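Chemist: Below you'll find the structure I mean.
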Amino acid sequence: FLQNCLRPCSLAIIISLIVAFVPWLKALFVKTTVYMPSAPDTLPPLNFIMDYTSYIGAASVPLALILLGGCIARLKFDNLAPGFWRSALILVVLRLCVMPILGVLWVNRLVSSGWISKDDITLKLVICMSWGLPSMTTQIYFTAFLTEPDAPDKVQLDCTSFYLLLQYPLLVISLPFVVTYVVENMF
């Protein structure tokens, strides 16, 4: 447990949660109700770190696509466990065909309970679409980060890239259905 807490991803989350929940530390980075003397540019003293991380964070999507492309390029189907394709296909069908149905039911429940206004068209569309999108590409980040570079076989990367590779052809079919249904029936 301690070894996992000292990994860069875990450490970044722990530190950011501490900063977010301590008002005086948060005031160093963003404007809050807590008094903090401003830097010469009238922003919080450590706001340049927020600018830097947002600049670097904008590269996460292209980096994920490059990493995904690299993993798919080196994918070897003979490394996959026997029968893995069945479980991956079931997960893809559940994620892209069943989850959108649950998302529409969830949005209808939120509207009927009064948490979402009936007139908030954009919010309903965004929630339903997020239920119909494929799994996060950050799975590739974590799998690549936790796979040993000198491992003789990288079956984890092969399984993850095969699973993500199965999602996109079905996404071309399922997402237009989700959007069309939401636009036609909820508005």
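Chemist: What FRET efficiency would be calculated for the residue pair GLU148, LEU110, taking the C-beta separation as r and a Förster radius of 45 Å, to the nearest 0.05? Kindly include the intermediate steps, with their values, before the conclusion.
Modeler: On the way: r = 44 Å, r/R0 = 0.97.
The calculated FRET efficiency here is 0.55.
Chemist: Within the set of other residues whose C-beta is less than 15 Å from the C-beta of GLY70, count the net charge using Lys and Arg as +1 and Asp and Glu as -1.
Modeler: Values: positive: ARG74, LYS76, LYS154; negative: ASP158.
Net charge in that neighbourhood comes out at +2.
Chemist: Now, a different point. What are the equivalent ellipsoid semi-axes of the range 42-130, built from the alpha-carbon gyration tensor (square roots of five times its eigenvalues), in whole angstrom, biggest first?
Modeler: They are 33, 31, 9 Å, listed from largest to smallest.
Chemist: For a protection proxy built on the mean count of beta-carbon atoms within 10 angstrom, sort 73-86, 165-178 highest first, please. Provide the component values of the computation, followed by the final result.
Modeler: Numbers: 73-86: 11.3, 165-178: 15.0.
Put in order of decreasing packing, that is 165-178, 73-86.
Chemist: Something else about it: Taking the range 1-101 as the region of interest, what is the percent of Cα-Cα pairs per 10 angstrom bin, listed from the shortest bin to the one with the maximum distance?
Modeler: Per 10 Å bin, starting at 0, the Cα pair percentages come out as 12, 21, 26, 23, 13, 6, 0.
Chemist: Roughly to the nearest percent, how much of the accessible area of the range 69-163 is carbon and sulfur, given a 1.4 Å probe?
Modeler: On the range 69-163, the fraction of accessible area on carbon and sulfur atoms equals 69 percent.
Chemist: Can you tell me, using C-alpha contacts under 8 Å and at least 6 residues apart, the relative contact order of the chain as a whole percent?
Modeler: Once normalised by length, the contact order is 22 percent.
Chemist: I've got another one for you. May I ask you to list, by number, the DSSP H helices of the chain whose Cα span along the axis is at least 24 Å and whose average Kyte-Doolittle hydropathy reaches 0.0 or more?
Modeler: Passing helices, by number: 155-186.
Chemist: Something else: Provide the descending list of Cα extents for the chain along its principal axes, expressed in whole angstroms.
Modeler: 60, 54, 30
Chemist: Continuing with the same structure: So what's the back-of-envelope 222 nm ellipticity for the chain, counting only DSSP H runs of four-plus at -39500 (n - 2.57) apiece and dividing by all residues, rounded to 500?
Modeler: My calculation for the chain gives -21500 deg cm²/dmol from helical runs alone.
Chemist: State whether the range 102-156 is rounded, prolate or oblate according to the following rule on the C-alpha gyration tensor (a ≥ b ≥ c being the square roots of its eigenvalues): a/c under 1.5 gives rounded; otherwise a/b larger than b/c gives prolate, and the remaining case gives oblate.
Modeler: prolate
Chemist: Explain nothing, just the number: relative contact order of the range 46-136, from Cα pairs under 8 Å at least 6 residues apart, as a whole percent.
Modeler: Reported as a whole number, the value is 30 percent.
Chemist: Cα centroid distance between the range 13-73 and the range 85-122, in Å?
Modeler: One Cα centre to the other: 31 Å.
The values are calculated or read from the model by the stated rules, or taken from the named source; none is laboratory data. These figures come from a predicted structure and were not determined experimentally. We place every Cβ from the backbone using ideal geometry, glycine too, and count neighbours over all the protein chains shown. What goes into the accessible areas is simple: the full protein's heavy atoms, side chains included, and nothing from ligands, DNA or RNA. Shrake-Rupley method; radii C 1.70, N 1.55, O 1.52, S 1.80 Å.
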